[in-house]
Amino acid sequence: MGLYRDWLVSEAVVAGGIGPAETGRIDRRHLADSVLFATQIIGEPGPVWDLGSGVGLPGFPLAIVLPGMEFVLVDRSGRRVDLMKRVVRILELDNCGIVRGDVSDLEPMMATVVARASLPPERLGEEVRRLLRPGGLAVAAGSWEEAPHHQGWVPIEIPRDVLDRTVWILIMRRE
């Protein structure tokens, strides 16, 4: 994880993928809350699709801690996709694929989906219901003030003393 962390500080910040004020919070804010997704997706079928991955959060930390699972990181920005392809080469992540595209253009029938602060919960919920196959799992996270209560999402609060702020993990299993 250290090499990815170093890359976030040295390249992702410079490229605008993470704000410069975030460099002191990479571990407790970006990496730690990305790894929280692992508690929900262990044992789920792959590949795990990371929607709106940006500079690879949560997809790359998950691929590092779960090397036996396959991940597909998706972003619509060509610049961010190029950055993520560089990370795959640097870290030699054989379990990651990178796709340039918009979430609304993806084909349905995914088994497992993750998303970290990429879309508002209500919009993400619509896309996830469309993309997931029956029995599929979606896990989303964000630092909203209160638990988002949107159709289909079950919120789990991660208290402020675990990370550097309160984070909500949202779980949806398609029937």
Among the residues of segment 123-134, are any in a loop (DSSP other than H, G, I, E, B) and over 14 Å from the mean Cα position of the chain (by Cα)? no
Would you pick out the residues in segment 118-149 that are touching a strand residue (DSSP E or B) at 6+ places or on another chain (Cβ under 9 Å), surrounded by fewer than 17 Cβ atoms within 10 Å (Cβ to Cβ) and not acidic (Asp, Glu)? 120, 129, 133, 135, 143, 144, 147, 149
Within segment 1-117, which helices (runs of 4 or more DSSP H) (wholly inside it) include 3 or more residues that are without any contact (Cβ under 8 Å) to a residue 60 or more places away in the chain and buried (at least 20 other Cβ atoms within 10 Å of the Cβ)? 59-65
Checking the structure you have, find out if any residue of segment 55-71 is of a type in the set (Val, Ile, Thr) and either in contact with a strand residue (DSSP E or B) (Cβ under 6 Å, 6 or more places away or on another chain) or over 26 Å from residue 167 (Cα atoms) (or both). no
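Every number in this text was worked out from the coordinates using simple rules, so none of it is lab data. Keep in mind it's a predicted model, so treat the numbers as computed, not measured. Neighbour counts run over all protein chains shown; Cβ positions are idealised from the backbone, glycine included.
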